[in-house]
Amino acid sequence: MKTITINTKPFNDQRPGTSGLRKKVKVFQTPHYLENFVQAIFDTQTDLRGGTLVLGGDGRFYNREAIQVILRMASANSLKRVLVGQGGLLSTPAASCIIRKYQTDGGIILSASHNPGGPDEDFGIKFNTPNGGPAPESVTEAIFQRTTSITQYDTVESQSIDIDTLGESILGNTTIQIVDSVKDYADLMMQLFDFERIRQLFDSGLFSMRFDAMHAITGPYATHILEGLLNAQPGTVMNGKPKVDFGGGHPDPNLVHAHELVALTSGSNAVDFGAASDGDGDRNMVLGRNFFVTPSDSLAVMVASAHLIKGYSDGISGVARSMPTSQAADRVAKKLGLACYETPTGWKFFGNLLDDRKITLCGEESFGTGSNHIREKDGLWAVLFWLNLLAIKQQSVETIVKEHWKTFGRNYYTRYDYEAIDKAAAEGLMDHLRNRLNHLPSQELNGYLVEYADDFAYTDPIDGSRSERQGIRIGFSDGSRIVFRLSGTGTEGATLRVYLEAYEADPAKQMQDTQSVMNNLVETALVLAEIEPRTGRTKPTVIT
Ligand code: G16
């Protein structure tokens, strides 16, 4: 089969963000746009030549077309083997699992995660390294640099490649192996959790659950594991069929976008346990009866109870959380004498800590939790962790969390997002805050005494790499905190995120409504950052 070399010109907007390159589908459909980025991966990740690549995506619009493009280019770039999820489908955690299990040279995952899908919506691509995790900044930067000088890419001419039938086929000198998208991942889950015990919980008939797959990738995984292997009632998994446009929804598992699930966990007929996952299956939301578990609390509960769970019964080495995530896990780590790390936003920053066994569990406020079993956050894993815990404790979600607060204190937490605001205004707002940082400590703001104020920077303890300007932190003497950050995953204008946290040690004051507890702190943040005058927004787009 003959390699064809195509002439191309660089695009100036291919620097990956928090998690890969995310753009509108229309941008990816621009001739050579996808190809340039893929060639930049092959040019910089030289172990892929003669090596094995894992390939799959969340099934959103343009997934199948992109898989064909990448397979042809993989063949032209001398890859020995490509493992493709059947139908081009792999959840992000399953891709990470397969990259690790078969000791491959990395993976390409096609997803824009929780962003909507469809011809006018978002698409994305990211490279994961052989440890199964998102490429670190040194790698994404090298790929980006290559895109700025690219003049050619290689491909082959071929008929459309069958990606739906399990088994092997040959494309030039490359073997294309279509693999079951679910099996390896399900096998891993069976090693970590006590399936027998969870099955007993479902078989008891006293426990009800709904899992909202949001018409995204986790449908087949959740159906196989929950309804197949664990005997949950048929219908436990809702919106379980992946659709290219996620059924017109926004596949982001939070209280706003997973409203159908929220309704099922509310009121007198509510189910006992609700959970949802996002577009590519790495995020999770956990709900009890009339009860929402913040992702930060979920991580803290996991750290406190990991010793009860089969896969972690030998103990955990430490925990990490992204900087804006609440400090609830820190309090558990302190009590248990565990190491605790604060990293910038982005799962890629956990990779070295996991590889070096400094941590076992990690999590982010952005509905992500995970462990050393793979190198991505893992939505269904988190749900199974909770199910296992419910089966062991025989308590409700609400009781488990409230007992946790009694022991460790409660970190009230909320996040305000201002989406698609003017980029220059957003940057001006951040600069304005940066300029005030030196003057803030010891000042009183709206009754809060500022203890520290900085622009978060992180030095990786393993490789010494430095990441700066990762978000503005303002800490107060009562343990509360405000963080301002610009999102790195949006595709339109800028998104300002304001993260707010208040600590309450007294059990008598731990049952209040989050938004009323946070009112004053919110007000302080709005005034400090001059949000309305600078962005024109009187209220956030989403509050979680
Ligand atoms: C990605 C990253 C996460 C990050 C999240 C939010 O998640 O993998 O580590 O917390 O984006 O990032 P931002 O605040 O910059 O929008 P996902 O699920 O989109 O891949």
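The values are calculated or read from the model by the stated rules, or taken from the named source; none is laboratory data. Remember, it's a predicted structure, so these values are computed and weren't measured experimentally. Cβ sites come from the backbone with ideal geometry, for glycine too, and all protein chains shown count toward neighbours. These accessible areas exclude ligands, DNA and RNA; they are computed on the full protein's heavy atoms, side chains included. Shrake-Rupley method; radii C 1.70, N 1.55, O 1.52, S 1.80 Å.
Take every Cα pair under 8 Å whose residues are at least 6 apart in sequence, average their separation, divide by the length of segment 3-181, and the relative contact order is 35 percent. Protein heavy-atom accessible surface, 1.4 Å probe, per residue over the chain: 38 Å².
Between ASP212 and MET238, ALA275, ALA276, SER277, the built amide H atoms are under 5 Å apart, and every one of these is 5 or more places off in sequence or on another chain. Taking 1.002 mPa s as the viscosity and 20 °C as the temperature, the Stokes-Einstein diffusion coefficient of segment 2-49 based on its alpha-carbon Kirkwood radius rounds to 177 µm²/s. Amide H contacts of SER181 (H built 1.01 Å from N, in plane; Pro and chain starts excluded): GLN86 sit under 5 Å, all sequence-distant by 5 or more or on other chains. Distance between the 7 Å Cα→Cβ label points at GLU492 and GLN200: 5.0 nm.
Here, segment 410-543 is characterised by an Rg to Rh ratio of 0.98, where Rg is the alpha-carbon radius of gyration and Rh the Kirkwood radius. For segment 339-494, the Cβ-based charge dipole about the Cα centre amounts to some 400 debye (Lys, Arg positive; Asp, Glu negative; other atoms uncharged). A simple rule links phi to the HN-Hα coupling: the Karplus curve 6.51 cos²θ - 1.76 cosθ + 1.60 with θ = phi - 60°, which for segment 173-178 gives 9, 10, 8, 9, 10, 8 Hz, with x for Gly and Pro. Beta bridges per DSSP, both residues in the chain: antiparallel share near 70 percent. Within the accessible surface of the chain, defined with a 1.4 Å probe on protein heavy atoms only, the carbon and sulfur portion equals 47 percent. The lysines whose alpha-carbon is closer than 21 Å to the alpha-carbon of LYS334, local same-chain residues fewer than 8 away aside, are LYS358, LYS402, LYS406.
A cut-off under 13 angstrom between Cβ atoms defines the neighbours of ASP422, and their net charge, with Lys, Arg +1 and Asp, Glu -1, is 0.
Rounded to the nearest 20, the Cβ-based charge dipole of segment 185-408 about its Cα centre (Lys and Arg +1, Asp and Glu -1) stands at 500 debye. For the chain, the equivalent ellipsoid derived from the alpha-carbon gyration tensor has semi-axes of 37, 29, 21 Å in decreasing order.
Measuring with a 1.4 angstrom probe and ignoring ligands and nucleic acids, MET238 comes out at about 20 Å² accessible.
For segment 1-99, report the translational diffusion coefficient in µm²/s to the nearest whole number, using Stokes-Einstein at 4 °C, 1.567 mPa s, and a Kirkwood Rh over Cα pairs. The calculation lands on 90 µm²/s.
Placing unit charges on the Cβ atoms only, positive for Lys and Arg and negative for Asp and Glu, gives the chain a dipole magnitude near 340 debye about its Cα centre. Each other residue within a Cβ distance under 12 Å of GLY536 adds +1 if Lys or Arg and -1 if Asp or Glu, for a net charge of 0.
When the pairs LYS24/LYS80; LYS423/LYS539; LYS335/LYS377 are compared against a 20 Å limit on Cα-Cα distance, LYS24/LYS80; LYS335/LYS377 fall above it. With 0.36 nm allotted per residue and the present C-alpha distance subtracted, the THR514-LYS80 stretch has 150.8 nm of extension available.
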